[in-house]
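Please read the structure below before turning to the comments.
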Amino acid sequence: IRGYINDLVSQAVDLLVNRWKTGLLVPREMIGSMACVRLPECLFKYGYANYEQAEIIQNVLYSRYNIEVPVKALGGKLYVRISIHIYNELKQYQKLADAIEEMT
């Protein structure tokens, strides 16, 4: 189970970082089954993100795309916090990547 989770988190992080051309909140060696991936800066109003913007994006992801994922404003940037479990598949993170690209 751990092997599957480790492989999937690595694949999901690679997918999101490459599609959005962003980065991670922490170095890869600190990632377990969760990771915070920075959202594209074009989603930040005035180049600085806050709690209200994070909440709006999280709500749009849920209501429009049926995606439940925390969106956090940390250090003036927006991040999605993905959490990998045994029942997750890479196609779910592809759907997230597509949704964010559609929003930009």
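Each value in this text was obtained by applying a stated rule to the coordinates, not by laboratory testing. Being a predicted model, the structure only gives us computed values, none of them experimental. Note: ideal-geometry Cβ built from the backbone for every residue, glycine included; neighbour counts use all protein chains shown.
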| note | Filtering trypsin sites (Lys or Arg not before Pro) in segment 1-78 by DSSP loop and by at most 12 other Cβ atoms within 10 Å leaves K21
| message | Restricting to DSSP loop positions (anything but H, G, I, E, B) with no more than 15 other Cβ atoms inside 10 Å of their own Cβ, which chymotrypsin sites (Phe, Trp or Tyr not before Pro) remain in segment 9-91? | response | Y48, Y87
| message | Can you show me the helix-derived [θ] at 222 nm for the chain, built from DSSP H runs with n ≥ 4 at -39,500 (n - 2.57) apiece and divided by the number of residues, rounded to the nearest 500. | response | -15500 deg cm²/dmol
| message | Taking the alpha-carbon distance from K77 and a cut-off under 18 Å, which lysines remain once sequence neighbours fewer than 8 residues away in the same chain are dropped? | response | K21, K45
| query | What ratio of Cα Rg to 2.2 N^0.38 Å holds for segment 23-76? | reply | 1.20
| message | Which of I86, I57, I31 ends up with the largest GNM mean-square fluctuation for the chain, with Cα atoms connected below 10 Å? | response | I86
| task | DSSP loop (so not H, G, I, E, B), at most 12 other Cβ within 10 Å: list which GluC sites (Glu not before Pro) in segment 9-53 pass both filters. | result | none
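Using the Kirkwood radius over C-alpha pairs as Rh, can you work out the diffusion coefficient of the chain via Stokes-Einstein at 25 °C, viscosity 0.890 mPa s, in µm² per second?
On the way: Rh = 13.7 Å.
It diffuses with D of about 179 µm²/s by this estimate.
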| query | Relative contact order (percent) for the chain, with alpha-carbon contacts under 8 angstrom and 6 or more residues of separation? | reply | 33
